1. Do you know which of the residues in region 41-60 that are under 17 Å from Val90 (Cα atoms) and among the aliphatic types (A, V, I, L, M) is surrounded by the most Cβ atoms within 10 Å (Cβ to Cβ)?
2. Looking for whichever is on the phi < 0 side of the Ramachandran plot, among the hydrophobic types (A, V, I, L, M, F, W, C) and under 10 Å from the mean Cα position of the chain (by Cα) here; the options are Met45, Met72. Which one fits?
3. Which of the residues that make up region 1-52 are closer than 19 Å to Asp76 by Cβ, among the β-branched types (Val, Ile, Thr) and in a loop (DSSP other than H, G, I, E, B)?
4. How many residues are modelled with pLDDT of 90 or more and β-branched (Val, Ile, Thr) when one looks only at region 14-37?
5. Which one is surrounded by the most Cβ atoms within 10 Å (Cβ to Cβ) among residues in region 1-40 that are without any contact (Cβ under 8 Å) to a residue 24 or more places away in the chain and touching a strand residue (DSSP E or B) at 6+ places or on another chain (Cβ under 8 Å)?
6. Take Ile2 and decide whether it is under 14 Å from the mean Cα position of the chain (by Cα), on the phi < 0 side of the Ramachandran plot and modelled with pLDDT of 80 or more.
Amino acid sequence: MILIGVTSRQNLVLKATGASTAGGAVTSYKWSARSEAGARLSDAMILNSLNSNFLVIKAGSFPQGHVISLVMSCEDSSGNVGSSYLDLLVNTPPAGGPKP
């Protein structure tokens, strides 16, 4: 498992690259996600398409302190499908300290 900490205050930009093992070309990409809190990746949460090798998730789309499981799948011209998985921990920003 790969676990990466991210902030909820900034957009998250991910880029996927795929390669065919059969010598063909990658013809499609598909992103999906879910969180421990039950949130799923929707068009309202992203700034581009779920069917792209780039994924841009809007700031604040997932709850702080939760793990988001992302899945990127790609298909090649021979119909072969491969997937990659990534878990993101949405960091809770630090709270302000005591005022002097």
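The values are calculated or read from the model by the stated rules, or taken from the named source; none is laboratory data. Quick caveat, the model's predicted, so the values are computed rather than measured. Heads up, the Cβs are rebuilt from the backbone with ideal geometry, glycines too, and the neighbour counts pull from every protein chain shown.
1. Applying the filter and picking the extreme gives Ile57.
2. Values: Met45 fails: under 10 Å from the mean Cα position of the chain (by Cα).
Exactly one of Met45, Met72 is on the phi < 0 side of the Ramachandran plot, among the hydrophobic types (A, V, I, L, M, F, W, C) and under 10 Å from the mean Cα position of the chain (by Cα), namely Met72.
3. Selection gives Thr17, Thr21.
4. Adding up the residues that qualify gives 2.
5. Ala19
6. Working: under 14 Å from the mean Cα position of the chain (by Cα): yes; on the phi < 0 side of the Ramachandran plot: yes; modelled with pLDDT of 80 or more: no.
No.
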